[in-house]
Amino acid sequence: MLTVVGVLVWLRVPWLLVAAAIGVSLHPLAALAVIVVYAGWQRTLRDSKPTPAVEALFYQRLLSELESGLGVRAALAATIEMEQGIDLTAVRRHLAAGSDMDTVTASLKQALPHTGELAQAALVLGSETGGEIRSVV
């Protein structure tokens, strides 16, 4: 057992995996329970809503795409492709399907809980009127 731990530490295996290996060898059922609880905890962390700072970064990327001359739909699609901190799969699906901007921005509103309502209004207004939305976003 000590040799296995030494090899794992020498290979620079993360401490969590070393602890799991020790737990499995000493008491498999308890280790399994700990692993399941840890996996559930990690899942809840990953499924949490984005922070205002993450949303602000999304809007900065969207603004840079709009300033480069893209239209609202194209800029939104390009920004979504770059985004990693927010789950925007529903918005991506609606854009790919060619849904109207009301539907696209409704999905965006759900994905961005802090600022989604303002973004929905600005993007719908800009796409329907062709007006300047860079100052709003």
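The values are calculated or read from the model by the stated rules, or taken from the named source; none is laboratory data. Everything quoted here is computed from the prediction, not taken from an experiment. Methodologically, a virtual Cβ is constructed for each residue, glycine included, from the backbone with ideal geometry; neighbour enumeration extends over all protein chains shown.
Summary table
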{"quantity": "The one condition in (1) within 18 Å of residue 128 (Cα to Cα); (2) at pLDDT below 90 that residue 77 fails to fulfil", "calculated": "(2)"}
{"quantity": "Pairs with Cβ under 9 Å, 6+ apart, first in segment 98-110 and in contact (Cβ under 8 Å) with a residue 12 or more places away in the chain, second assigned to a loop (DSSP other than H, G, I, E, B) and not polar (S, T, N, Q)", "calculated": "107/88; 108/88"}
{"quantity": "Extreme residue, modelled with the lowest pLDDT, among residues of segment 87-117 that are among the hydrophobic types (A, V, I, L, M, F, W, C) and either closer than 19 Å to residue 129 by Cα or surrounded by fewer than 17 Cβ atoms within 10 Å (Cβ to Cβ) (or both)", "calculated": "101"}
{"quantity": "Test: residue in segment 40-55 that is farther than 30 Å from residue 121 by Cβ, free of Cβ contacts under 8 Å to residues at least 40 places away in the same chain and β-branched (Val, Ile, Thr)", "calculated": "yes"}
{"quantity": "Any hit, segment 47-59, residues being of a type in the set (Lys, Arg), modelled with pLDDT under 90 and either surrounded by fewer than 11 Cβ atoms within 10 Å (Cβ to Cβ) or under 30 Å from residue 2 (Cβ atoms) (or both)", "calculated": "no"}
